[in-house]
1. For the range B:127-142, enumerate the residues that are surrounded by 20 or more Cβ atoms within 10 Å (Cβ to Cβ) and part of a loop (DSSP other than H, G, I, E, B).
2. Sort out which residues of the range B:100-135 are more than 7 Å from chain A (Cβ to nearest Cβ) and without any contact (Cβ under 8 Å) to a residue 12 or more places away in the chain, and write them in order of number.
3. Here is a list of conditions, (1) at the interface with another protein chain (Cβ under 10 Å from one of its Cβ atoms); (2) in a loop (DSSP other than H, G, I, E, B), and B:ILE77 meets all of them except one; can you say which number that is?
4. So which strands (runs of 3 or more DSSP E) stay within the range B:9-65 end to end and still have 1 or more residues that are surrounded by 22 or more Cβ atoms within 10 Å (Cβ to Cβ), touching a residue at least 40 places away in the same chain (Cβ under 8 Å) and within 12 Å of another protein chain (Cβ to nearest Cβ)?
5. Determine which member of the set A:ALA62, A:ALA43, A:ALA11, A:ALA68 is small (Gly, Ala, Ser) and over 17 Å from the mean Cα position of the chain (by Cα).
6. Which count do you get for residues in the range B:95-126 that are buried (at least 21 other Cβ atoms within 10 Å of the Cβ) and not in a helix (DSSP H, G or I)?
7. Can you find even one residue in the range B:84-92 that is within 11 Å of chain A (Cβ to nearest Cβ) and of a type in the set (D, E, K, R)?
Amino acid sequence: MTWAHVRRGLALAGLLVLLSLPFWVNAYILRIATGIFLWAGLACAWNIVGGYAGYISFGHSAFFGIGAYAAGILMGERFGLPFAGALVVGVAAAGVIAALIGWPTLRLRGAYFAIATWAFAEMVLQLANVLRITGGTAGLTLPPLLDERLFYFLMLGGAVLTYGLCFVLLERSRFGYRLKAIRDNEIAAETLGIDTTRVKLQAFVLSAAITAAFGAIYAYWITFINPTSVLAGDITDQMVVMALLGGLGHLWGPAIGAASMYLVNRLFWSLWGNTTAYIVVLGVVIALVVLFLPDGLVSLWPRTRRLQVLRALGPHPQQERPTVAEEQR
Amino acid sequence: MSTPLLAVEGLRKTFGGIVAVNGVRFQVAPQEIVGIIGPNGSGKSTLFNLISGVLRPDAGRIIFRGQDITGWKPHQIARLGIGRTFQIPAVFTTMTAWDNLLTAAVEADWAHAPQRAEQLLALLTLDAVRDVRANSLSGGQQKLLELGRVLMRNPTLILLDEVTAGVHPTLRTVMLDVVRELRRSGTTFLVIEHDMELVRTLCDRILVMDFGEVIASGTFAEIAAHPDVIEAYLGRRVS
C-alpha cells in the first residue's frame, strides 16, 4: 500500500464522516460544523483576491451583507421569492456591484485599496441602516426553515463547490498564473501580455459573488438579519485573519485557518460566555503568525511550498518609479 | 534603411520638472542589434518604459510594425510582439523558476509552454534551480530567468535593460550567444549596456543618450570618436 492509497483512503473516510455527520452528532456540534464550512468558504473567497491577486480587501462584509439582504428582502412578504431565486439575484447583484466598485479601486495598491474597499463597506452599512427596504436598524426576518441538517448540507455543498472551483481556477489553470503574476509584480505581468485590469476585475467579481452566496445561505439559516449582524466590518476581519492564519495564497490555508479560529471562538464562548478574551488572543496570534509563520498554519505540513506572500505584498523595490507608473494608468 | 521595425518620433517624457526623455527620435531595422549607452540618469530606462507602454509619453509617437502604438497599454504592446527585461530584475518572487517561465506563456503559446520552458532552463543553465522560489535566486540567476521569461513569448523586438549586469562571465557568453542566435532567426534587439566591450562586439549600431537626448549615433568607432560623446563621458577638456 502506497502513500497515495493511504491518502485516498483517508479522503474517502473523511468524506463519509462529513456526509453522515448530521445523523450522529447533536444539534450543537452540527451548528459548529455548519459554521466552520461557512467561514471556510468565506475565507477561501477572500483569499482569491487577498492571497492570490495580492489585493487586500477590507470591504467583503458588504458582499456578505448584499447576499444576506437579497435573501431577506426577496424572500419576504413583498416579493415572496423561493430561496434559490433570491440566492441567484443576490449573487448577481454582488457581482455587478463588485465590478462597479472594482473598476476604480483596483487601480489602487496596498493600503490605498484596503482603505477604499473599507470605505465602500461602511457606506453599504450606513445605507442599510437608513433605507426602508432593509428595515433599517430593526433588520429583517426571513421565513424560518428550522432544518439544521439542510443548512449543514447547504454550507458543506457551498464550501466544497468553492474549494473545487478555486482548485481548478487557481491551481490548475492559466487564471491562477495570471493572478499570482499580478500579486508578485504587476508591471512585469503586464509586459508579458497579461491584461491585469481585466484579470483583477474577474477575480474581484468571483470573490464577491461567492461571498454573497454564503451571505444568502447564512441569512436563511439565522432567519433574522440586521446591519450589525451581516454588514459589520468584523465579518471582513474574520475572513482576513482566517486566511492569514491558515496561509495566504495557499488553497487550503483558509480552510485550516477558519476551522481552527472558529473552534477556538466557540470554545471561548462556552467557557466565558463572551468573546472578548478571544479577540485579545487573536491579536497575539496574528502578531505571532506574521512574525514567525508568514505562510500560516498550512506551512507546518511537511513539504509545503513557502510562498512568503506577505513579503511579496510589501512595497515593490523592483518596480522602477512605481508611483509615476501608476499615475499613468 | 529598409522599412523600420520600430520608429520613435519626437518622444518626450517629464517627471515634474525633470525632462527624462527629450525629443528622442530613431529607427530600428528588422534584425538589427542597437545598443543604447549613456551616463546614469540620461533617460535610457525611461525610453524603454515608454516603448513598452509602462509609461505614457507626453509627446511624440512610437510606431511598431507600421502601427502607431503610442498610448497603448503594456499588455497590448507585449501581445503585438515587444518583450522586455527590467534593470532591477522583475521576477515573480513567490513562484519557482519553472512557474516564472510558464507564467510568461499564459498569453502566448500555452500548449507548448512546458516544452519551451524545459529548453530554456537547459539553455540558460537554470536546471538546478528549477524548483527554487525566484526570490531565493542570485541576482545573476534572476537576470537569466527574466531573459528566459521574455524568450518564452518569441517576441519580434526584445528590449534588454542591462541584462548581463551581475551575470557570471561564462553565462554572459551564453547570453550573448543566445542573442546572436535569435537575431539570425529574425529577432531584433535594443540593448541598454554599460559594458563597452560588450557593446562593441554585440551591437551593429549605437545610440548615445545624455540628458534625455540622443547626442550621437553610429557604429562603435564613429561614436567613440564623437566629441559630444567624449564630453558626456569624460567632461570637457580643461585648456
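The values are calculated or read from the model by the stated rules, or taken from the named source; none is laboratory data. Remember, it's a predicted structure, so these values are computed and weren't measured experimentally. Positions of Cβ are generated from backbone atoms using ideal geometry, with glycine treated the same way; all protein chains shown enter the neighbour counts.
1. The answer is B:LEU137, and nothing else.
2. Those that are more than 7 Å from chain A (Cβ to nearest Cβ) and without any contact (Cβ under 8 Å) to a residue 12 or more places away in the chain: B:ALA111, B:HIS112, B:GLN115, B:GLU118, B:GLN119, B:ALA122, B:ASP127, B:ALA128.
3. (2)
4. Values: elements: B:18-28, B:33-37, B:59-64.
Fully inside the range B:9-65 and qualifying: B:18-28.
5. None of the others qualify; the one that does is A:ALA11.
6. 6
7. Looking through the range B:84-92, at least one residue is within 11 Å of chain A (Cβ to nearest Cβ) and of a type in the set (D, E, K, R).
To keep it simple, each residue is scored yes or no on (1) without any contact (Cβ under 8 Å) to a residue 60 or more places away in the chain; (2) buried (at least 21 other Cβ atoms within 10 Å of the Cβ).
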{"position": "A:SER20", "(1), (2)": "yes, no"}
{"position": "A:ALA33", "(1), (2)": "no, no"}
{"position": "A:VAL49", "(1), (2)": "no, yes"}
{"position": "A:ALA53", "(1), (2)": "no, yes"}
{"position": "A:LEU87", "(1), (2)": "no, yes"}
{"position": "A:VAL91", "(1), (2)": "no, yes"}
